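Since the structure comes first, as structure tokens, the remarks are kept for the end.
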Amino acid sequence: MRAVVISEFGVPPTVREVPAPPCPEDGVVLRVTATGVCRSDWHGWQGHDDDITLPHVPGHELAGVVVEVGPLVRSWAPGDEVTVPFVCACGTCAACVAGEQQVCELQRQPGFTDDGSFAERVAIHHADVNLVRLPEGMSPVTAAGLGCRFATAYRAVTVHGRVRADEWVAVHGCGGVGLSAVVVAVAAGAQVVAIDPSPVARDAAQAMGAAVVLDGSSDVAAQVHHVTGGGAAVSLDALGSRATATASILSLRRRGRHVQVGLLLGADTAPPLPMGRVIAWELEVYGSHGMAAHEYPAMLARIASGELDPSRLVGRTISLDEAPAALAALGDGTGGPGMTVVVS
């Protein structure tokens, strides 16, 4: 099969022929119909993820059709159209038994621990735990954006943020996760202030329903407090940096809720945060790491009803041969607004 292969961290990957993946006994092989190009893939290419061994096929946001089924699989058959969470759970550890598969103790991640979906085929382990059937009529392009960015933002806003109508929500960083958070918060009836230095990203956030957009060039927290009349009830760091994590916490009103969605890597892995404010104002601080497959039906029902429309977040579709350039564009800011999706 053809796949995008990383042979050396930081060096442009190439598209070449590689062996097709074997089918796991408890898993399936999918023919990839669409896969998103995510900043997490860029971090993996740069060598920021210790789970990756070279040579490696990236890609973790995907939709596909089942073409092979392992002998231990009970719920799936060839021809089923599916997507998967980016965290593929084991189904048996303590976290999984408790229903928290997104923090599985033995998790596998296509595109990180295993070869991913920038390919014609991808293997998925523990299929009965992790596959999600696509609703009739949902396009693979729309579905490909659900597994990481949209589902992560959905759970961050609805479960951790507990966003209610008329609350102010601050979103720091308006890439794929941030714009998804804007869409979900607006659908909940919240008022959103979106912060991003890019005018293109700010325009996109406004188009998704943000009430206020800020460029983040001065004291972000003070600006958020000013425009919201005392601070946001919920604030999300959708980028992942020392500056945005701090600004998100300081943007909150008393008893507000901060959700850390963006990955903190490199020099920002352990940033100093204003814990004095957290204590004095009784703020809530959450991490958010995807969404388990069993939680998808509620989100998919809202998409099917038209209440949520993740297709609006797709900026462009490309071929597999264009994926290496699209991956590089995530690092230099030339990728444009919205999600880029590889289609087969």
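Pairs of Cα atoms under 8 Å, at least six residues apart: use those to get the relative contact order of the chain, whole percent.
The normalised contact order for the chain reaches 19 percent.
Please express the Cα-Cα pair-distance distribution P(r) of the range 79-206 as a list of whole percents, one per 5 Å bin, running from 0 to the bin with the greatest distance.
Result, from short to long distances: 2, 10, 16, 18, 17, 15, 13, 7, 2, 0 percent.
Which ³J(HN,Hα) values in Hz, rounded to whole numbers, follow from the phi angles of the range 180-186 under the Karplus curve 6.51 cos²θ - 1.76 cosθ + 1.60, where θ = phi - 60° and Gly and Pro get x?
Residue by residue, the range 180-186 yields 4, 5, 4, 4, 5, 5, 5 Hz.
Out of residues 5 or more away from G116 or on other chains, whose amide H comes under 5 Å of its own, with H placed 1.01 Å from N in the peptide plane?
V57, G111
Could you check the simple spin-label distance between L265 and Q46, using points 7 Å along Cα→Cβ, in nm with one decimal?
Taking the simple label geometry, L265 and Q46 are separated by 0.6 nm.
Where does the chain land at 222 nm, in deg cm²/dmol rounded to the nearest 500, when only DSSP H runs of n ≥ 4 count, each adding -39500 (n - 2.57), divided by all residues?
Rounded to the nearest 500, the figure is -6500 deg cm²/dmol.
Of the candidates V220, V157, V37, which one comes out as most mobile in a Gaussian network treatment of the chain with C-alpha springs shorter than 10 Å?
Looking only at V220, V157, V37, the biggest GNM fluctuation is shown by V220.
Which residue fluctuates the most in the chain, going by a Gaussian network model with Cα springs under 10 Å, if the choices are A119, A325, A211?
A325
For the range 231-277 and the range 281-344, what is the separation of their Cα centres, given in Å?
21 Å
Averaged per residue, what accessible area in Å² does the chain show with a 1.4 Å probe, protein chains only?
Each residue of the chain exposes 40 Å² on average to a 1.4 Å probe.
Could you look at the chain and say what percent of its accessible area is carbon and sulfur, using a 1.4 Å probe and all protein chains?
54 percent
For the range 321-330, what does the Karplus curve 6.51 cos²θ - 1.76 cosθ + 1.60, with θ = phi - 60°, yield as ³J(HN,Hα) per residue in whole Hz, taken in order and with x for Gly and Pro?
Coupling constants for the range 321-330: 5, 8, 4, x, 5, 5, 5, 4, 5, 5 Hz.
Name the long-range amide H neighbours of R253: under 5 Å, sequence gap of 5 or more, or other chain; modelled H, no Pro or chain starts.
A232, A233
Suppose each label sits 7 Å from its Cα in the direction of the beta carbon; what would the E307-H226 distance come out to in nanometres?
Output for this residue pair reads 3.6 nm.
Which ³J(HN,Hα) values in Hz, rounded to whole numbers, follow from the phi angles of the range 74-87 under the Karplus curve 6.51 cos²θ - 1.76 cosθ + 1.60, where θ = phi - 60° and Gly and Pro get x?
With coefficients 6.51, -1.76 and 1.60, one gets 10, 10, 9, 9, x, x, 5, 9, 9, 9, 9, x, 6, 8 Hz.
Amide H of L62: which non-local residues (sequence gap of 5 or more, or other chain) have their own amide H closer than 5 Å, using H built in the peptide plane?
G36, V84, G147
What residue among A205, A267, A143 shows peak mean-square fluctuation when the chain is described by a Gaussian network model with Cα springs under 10 Å?
Looking only at A205, A267, A143, the biggest GNM fluctuation is shown by A267.
Dipole magnitude of the chain about its Cα centre, charges +1 at Lys/Arg Cβ and -1 at Asp/Glu Cβ only, in debye to the nearest 20?
Numbers: 22 positive and 35 negative charges, 181 e Å.
Using Cβ point charges on Lys, Arg, Asp and Glu, the chain gives about 860 debye.
In nm, to one decimal, how far is the R255 label point from the E284 one, both placed 7 Å along Cα→Cβ?
Distance between label points: 1.1 nm.
Show L239, L327 ordered by accessible area, largest first, where the area counts protein heavy atoms only and the probe is 1.4 Å.
In descending accessible area the options line up as L239, L327.
For mean projected area of the Cα convex hull in nm², several values are listed as (1) 16.1; (2) 14.7; (3) 19.9; flag the one computed from this structure.
(1)
Please report Rg over Rh for the range 270-344, where both radii come from the alpha carbon positions and Rh follows the Kirkwood definition.
Ratio value, two decimals: 1.13.
Taking 0.36 nm per residue of sequence separation and subtracting the Cα-Cα distance, how much length would be gained by fully extending the chain between S218 and V11, in nm to one decimal?
Extending this stretch completely gives an extra 71.0 nm.
The values are calculated or read from the model by the stated rules, or taken from the named source; none is laboratory data. None of the values given here were measured: they were computed from a predicted structure. Note that we place each Cβ from the backbone using ideal geometry, even for glycine, and neighbour counts take in every protein chain shown. To get the accessible areas, we keep the full protein, side chains included, count just its heavy atoms, and leave off ligands, DNA and RNA. Shrake-Rupley method; radii C 1.70, N 1.55, O 1.52, S 1.80 Å.
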